[in-house]
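**Student:** The structure that follows is given in the form of structure tokens.
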Amino acid sequence: MKTIKTIEEMQLTQDELHKQQKSIGFVPTMGYLHDGHLALIKEARKENDIVVVSIFVNPLQFNQASDLDQYPRDLERDEKLLIEEAVDYVFYPSSDAMYPKPLSIDLSLNRRGDVLCGATRPGHFEGVLMVLTKLFNIVNPNRVYFGLKDAQQVAVVDGLINDFNFNIELVPVPTVREVDGVAMSSRNVNLSTDERREAHHIYKSLLEGQQLIQASNWTRQDVIDEIDNFLKHTLSGQVDYVDCLTYPDLTREITEKHDIIIAVAVKYQNARLIDNIILTPSGDVKYRSET
Ligand code: AMP
């Protein structure tokens with residue numbers, strides 16, 4: 001595996017690979033890798049000649065300085081894991097390389113951005129759009145891999161790829177969970193022992209919501225109230241949002257034709273956790289992991 005730190009080298013490398021007719025699978029990450037990231041990488045490994053993983057903690061998408069400061073980092077450990085997964089290149093640019101001078105262009109969302117994390121983390125998705133537009137131009141992949149743990153991000157990236165005609169296939173990968181159901185996240189290390197112990201109730205609350213949808217005669221508000229109530233009785237963390245929307249358009253008018261997302265965010269002392277499930281109109285789980 002080769003670690004590339006400059007944009008120029010990454011661009012020269014992908015150019016050469018395309019000349020050799022190699023397909024490139026790209027997994028953008030912020031590092032501190034866990035099995036969730038590795039599921040994306042394994043998928044990319046299966047479907048492409050070359051796998052590129054980026055590690056870049058993008059300052060633009062953090063709306064709170066403390067969250068950026070507390071974000072865990074360990075390149076050496078990450079590189080070992082990437083070698084084990086037979087990754088070809090890790091792209092590890094500095095902030096100065098990615099943002100050498102003030103940006104001339106802003107990107108903003110017309111759709112899919114006014115709910116969930118888009119509503120509660122102002123500027124977050126604008127930062128995500130900017131870094132991904134840059135990374136897609138630098139890495140020039142054939143396929144990109146994104147985790148459904150960040151389902152709104154998948155919906156937003158789908159919009160980005162379509163609107164800007166990136167010639168890239170978006171591959172969504174199901175959420176990888178710990179044995180107790182907690183969605184794997186780099187931020188989980190910032191939970192206290194007690195917070196980590198109770199966090200499994202977040203996934204449980206989503207399953208409660210699913211049960212309601214599987215029984216007939218539910219309304220969106222019933223699902224939200226049920227989950228909100230469940231979380232307030234089981235968690236010490238503060239519920240940031242609970243919502244039930246169509247997927248991937250993230251609108252409130254749910255008909256029997258729509259796939260549905262139930263999504264939750266919870267704030268703890270040093271970490272904010274998000275989780276979701278995506279269901280078919282009849283309430284079955286839409287995306288299942290193979291393992
Ligand atoms: P991050 O490093 O948190 O920006 O995540 C990089 C990629 O890994 C994103 O596409 C995430 O959605 C994905 N990811 C993070 N956690 C998980 C998980 N538990 N299961 C599946 N994908 C994940």
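The values are calculated or read from the model by the stated rules, or taken from the named source; none is laboratory data. Owing to the predicted nature of the structure, the values given are computational and were not obtained by experimental measurement. No Cβ is skipped: glycine too gets one built from the backbone with ideal geometry, and neighbour counts run over all protein chains shown. With ligands, DNA and RNA removed, areas are computed over all heavy atoms of the protein, side chains included. Shrake-Rupley method; radii C 1.70, N 1.55, O 1.52, S 1.80 Å.
**Student:** How much accessible area per residue does the chain have, counting only protein heavy atoms and a probe of 1.4 Å, in square angstrom?
**Tutor:** Accessible surface, normalised per residue, equals 49 Å².
**Student:** Based on the alpha carbons, how large is the Rg to Rh ratio for the range 2-173 when Rh follows Kirkwood?
**Tutor:** 0.93
**Student:** Which value, in Å² and to the nearest 10, is the accessible area of residue 83 when all protein chains are kept and the probe is 1.4 Å?
**Tutor:** Here the accessible area works out near 100 Å².
**Student:** How much mean residue ellipticity at 222 nm does the chain get from its helices, if each DSSP H run of length 4 or more adds -39500 (n - 2.57) and you divide by all residues, to the nearest 500 deg cm²/dmol?
**Tutor:** Values: 11 runs with 116 residues, N = 291.
-12000 deg cm²/dmol, from helical runs alone.
**Student:** A further question on this structure: In Å and from the alpha-carbon atoms only, list the Rg and Dmax of the chain.
**Tutor:** Answer for the chain, Rg first and Dmax second: 19.1, 58 Å.
**Student:** For residue 204, list the lysines whose Cα falls under 20 Å from its own Cα; do not include residues on the same chain fewer than 8 positions away.
**Tutor:** Cα-Cα hits under 20 Å: 149, 232, 267, 286.
**Student:** Taking the simple approach of a point 7 Å from Cα along Cα-to-Cβ for both residue 34 and residue 256, what is their distance in nm?
**Tutor:** Label at residue 34, label at residue 256, 3.9 nm between them.
**Student:** Related question: Any idea how far apart residue 76 and residue 20 come out in nm if each label point goes 7 Å out from Cα toward Cβ?
**Tutor:** Each label point lies 7 Å from its Cα, and together they span 3.1 nm.
**Student:** If you don't mind, another one. How large a share of the accessible area of the chain, in percent, is made up of carbon and sulfur atoms when the probe is 1.4 Å and the other protein chains stay in place?
**Tutor:** 45 percent
**Student:** Using a Förster radius of 25 Å, what is the FRET efficiency between residue 269 and residue 225 based on their Cβ-Cβ separation? Nearest 0.05, please.
**Tutor:** Taking R0 as 25 Å, the efficiency between residue 269 and residue 225 is 0.40.
**Student:** While we're here: Scan around residue 175 for amide H atoms under 5 Å from its own, H built in the peptide plane at 1.01 Å from N, and keep only partners 5 or more places away or cross-chain.
**Tutor:** Long-range HN contacts for residue 175: 148, 149.
**Student:** Can you give me the solvent accessible area of residue 200 with a 1.4 Å probe, rounded to the nearest 10 Å²?
**Tutor:** 40 Å²
**Student:** Take the alpha carbon atoms of the range 90-131, find their radius of gyration, then divide it by 2.2 N^0.38 Å using N residues; give the quotient. List each step's numbers first, then the result.
**Tutor:** On the way: Rg = 12.6 Å, N = 42, 2.2 N^0.38 = 9.1 Å.
The value comes to 1.38.
**Student:** Cα axis of helix 75-84 to longest principal axis of the chain: angle in degrees, 0 to 90, nearest 10?
**Tutor:** 90 degrees
**Student:** Helix 7-19: angle to the longest alpha-carbon principal axis of the chain, degrees 0 to 90, nearest 10?
**Tutor:** Helix 7-19 and the main axis of the chain meet at about 80 degrees.
**Student:** Hey, another quick one. Taking the alpha-carbon distance from residue 2 and a cut-off under 25 Å, which lysines remain once sequence neighbours fewer than 8 residues away in the same chain are dropped?
**Tutor:** Leaving aside lysines fewer than 8 places away in the same chain, those within reach of residue 2 are 19, 22, 42, 46, 80, 134.
**Student:** Now, a different point. Note down the relative contact order for the chain as a percent, whole number, built from C-alpha pairs under 8 angstrom at least six residues apart.
**Tutor:** Dividing the mean separation by the residue count of the chain yields 17 percent.
**Student:** A further question follows. Ranked by accessible surface with a 1.4 Å probe, highest first, in what order do 23, 282, 289 come?
**Tutor:** My answer, sorted largest first, is 282, 289, 23.
**Student:** Can you give me the convex hull volume of the Cα atoms of the range 186-279, divided per residue and expressed in Å³?
**Tutor:** Residue-normalised Cα hull volume stands at 90 Å³.
**Student:** Give or take rounding to whole Å, what are the principal axis extents of the alpha carbon atoms in the range 72-194, in descending order?
**Tutor:** Each principal axis gives a Cα extent; for the range 72-194 these are 42, 35, 29 Å.
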